[in-house]
Amino acid sequence: METLKIPYIKGFAKMDDRQVLLRMEEQGARFIVGSCNWPDSYPYAPLCGGSAALTDGAIAVHFHVRGLDLRAMNTEDNMSQFQDSCCEFFVMDPDGSKYYNFEINCLGKILAASGDGRKDRVRRPPEQMARIRRISWMNEEIQPSPFDHEGSIFTWDVAMIIPLDLIGVNPESLPDTLKANFYKCGDLTSHPHYLSWSPIGTPKPDFHRPEYFGELIIKE
């Protein structure tokens, strides 16, 4: 199981997108999404890493990706973002009753839901989705969306700043740790792949396995 100590960075609400990414690069806790858990079936592994931090009643998660293909066919929230060029953050409620998934494609569109397993997940309503700040940057201007590009190498970044109450955390009473995992996937890209931060021991791709979550240390 992987562990990551999460720092506190003040003032993201007053920063523009560029400033947020710079501060995350300088001060965030770095992680690598590099576990290729099913190499026989899905050997392709784009480079994916990122950083995480707490900030002003929220948790910020930033991903940086370099790899083949760039797909963004799901152009609204709560669609099938996992089919696209996608990065994901799954985190367990502190009371252990359920976990939350946040799946962001390269456009910054998010699928967010909660539940105690893969089945019967409840997607977040629009008013909650609107509270999640998103940042998206690509190494070249690609318009319009939707798009599905292959045959080249693309570099892109996405970030989410998620209010802590959306993951069951009281900002005034932080737990010592959170169980979580970071993922990189692209189900319908030309090179399908399924990578994780904390390794997964299932026979086929399955990110909805909280027993393999790593640990985020958020309080001394």
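Nothing in this text is a laboratory measurement; each read-out follows from the coordinates by a stated rule. Owing to the predicted nature of the structure, the values given are computational and were not obtained by experimental measurement. Methodologically, a virtual Cβ is constructed for each residue, glycine included, from the backbone with ideal geometry; neighbour enumeration extends over all protein chains shown.
Among 74-84, 29-39, 146-156, sorting by the average number of other beta carbon atoms lying within 10 angstrom of each residue, highest first, gives 74-84, 29-39, 146-156.
The distance separating the Cα centre of the stretch 99-176 from that of the stretch 69-86 comes to 11 Å.
Give me the net charge of Pro94's neighbourhood, meaning all other residues with Cβ under 12 Å from the Cβ of Pro94; Lys, Arg count +1, Asp, Glu -1. It works out to a net charge of -1. Summary value for the stretch 60-151: 31 percent relative contact order, contacts being C-alpha pairs under 8 angstrom separated by 6+ residues. Sequence-distant contacts, meaning Cα pairs under 8 Å at least 6 residues apart, place the relative contact order of the chain at 27 percent.
Candidate cross-link partners of Lys204 among the lysines, defined by an alpha-carbon separation under 20 Å and a same-chain spacing of 8 or more, comprise Lys119, Lys184. A helix-only calculation puts the chain at -2000 deg cm²/dmol for mean residue ellipticity at 222 nm, using -39500 (n - 2.57) for each DSSP H run of at least four residues, averaged over all residues.
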